[in-house]
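A.B. asks: Sharing a structure here in C-alpha cells format.
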Amino acid sequence: MNTLSAWPDLPKRLHHSLRILCCLAQRPGPRRAKELAHCTGVPPAETAKLLYLLAWGGFVASRRGSKGGFWLRRSPKRIRVRELIDFFHRPEDSPDGADKDPVARLWQQATALSTRFFERHTVADLVREGEQRGCSFCVEEPAHESAHETRGGSGQLTQPSLGERG
C-alpha cells in the first residue's frame, strides 16, 4: 500500500540555512561565503543568498576585507530552530471562520505541538547531535586556489568578499 506523508519535507532553504549556522557554530570566527559553501555542500550562489538573508534576519554578522567573513551574532545556544522557521515561513493569517472549521482547528493543534518542539531546540543542539552521530557540518577547506583567490603580502590566502567584483 502506498501512503502519503501528511507532513511536507523540510524546505531546502531552511535546511541549507541550518547547515550554514551549524557550520559557523562548529568553527567560530569569520568564515568566507565560498568556504561555507564548500563545507556545507550548498551551492555557492545559494550560500551567498542565504548569508545575505541570515544577516538581514540578525542571525549572522559580516565584515568585508582580507580578515572579513561571516560569523554568528549570538551564541548557538541562543539561536532556536523555531526562530529560523519563523523567519523563512511567516505564519499566514487564518481565514475568517477558521476557528469554527474542524480541519483548520486540527491543523492548528498539530502545528502548535511542532512549534513547541522547535522552540526547545537550538543550533547548539543540532551541532551536538551531529557530533554524537559522527556528522560534521564542516569539512576541510579545498587545498587548491581558485582564479578569484590571491596570496596577500603575508602569504595568506585571500578572496574577494560578497559584493566585490574581481
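A.B. asks: Can you name the residue in region 119-133 that is basic (Lys, Arg) and part of a helix (DSSP H, G or I) and, of all such residues, is nearest to residue 24 (Cα to Cα)? Full working, then the answer.
C.D. replies: Residues of region 119-133 that are basic (Lys, Arg), as a first pass: 120, 128, 133.
After this cut, where a residue has to be part of a helix (DSSP H, G or I) as well, the list is 120, 128.
Details: 120: 20, 128: 13 Å.
Only one residue fits best here, namely 128.
A.B. asks: Quickly run through region 45-59 and pick out the residues that are more than 25 Å from residue 112 (Cβ to Cβ) and either hydrophobic (A, V, I, L, M, F, W, C) or at pLDDT below 95 (or both).
C.D. replies: Within region 45-59, 45, 48, 50, 51, 53, 54, 55, 56 meet the criteria.
A.B. asks: So, one more: Is there any pair with a first residue in region 67-87 that is touching a residue at least 24 places away in the same chain (Cβ under 8 Å) and under 13 Å from residue 125 (Cβ atoms) and a second that is of a type in the set (A, V, I, L, M) and assigned to a strand (DSSP E or B) whose Cβ atoms are under 9 Å apart and which are 6 or more apart or on different chains, and what are they?
C.D. replies: Correct list of pairs: 79/72.
A.B. asks: Which of the residues that make up region 108-130 are farther than 15 Å from residue 86 by Cα and either surrounded by 11 or more Cβ atoms within 10 Å (Cβ to Cβ) or in contact with a Leu (Cβ under 8 Å, 6 or more places away or on another chain) (or both)?
C.D. replies: Correct list: 108, 110, 124, 125, 126, 127, 128, 129, 130.
A.B. asks: A further question on this structure: If residue 32 satisfies all but one of (1) at pLDDT below 85; (2) buried (at least 16 other Cβ atoms within 10 Å of the Cβ), what's the number of the condition it fails?
C.D. replies: (1)
The values are calculated or read from the model by the stated rules, or taken from the named source; none is laboratory data. Source: prediction; values computed, not measured. All Cβ positions, even for glycine, are placed from backbone atoms using ideal geometry, and neighbour counts span all protein chains on display.
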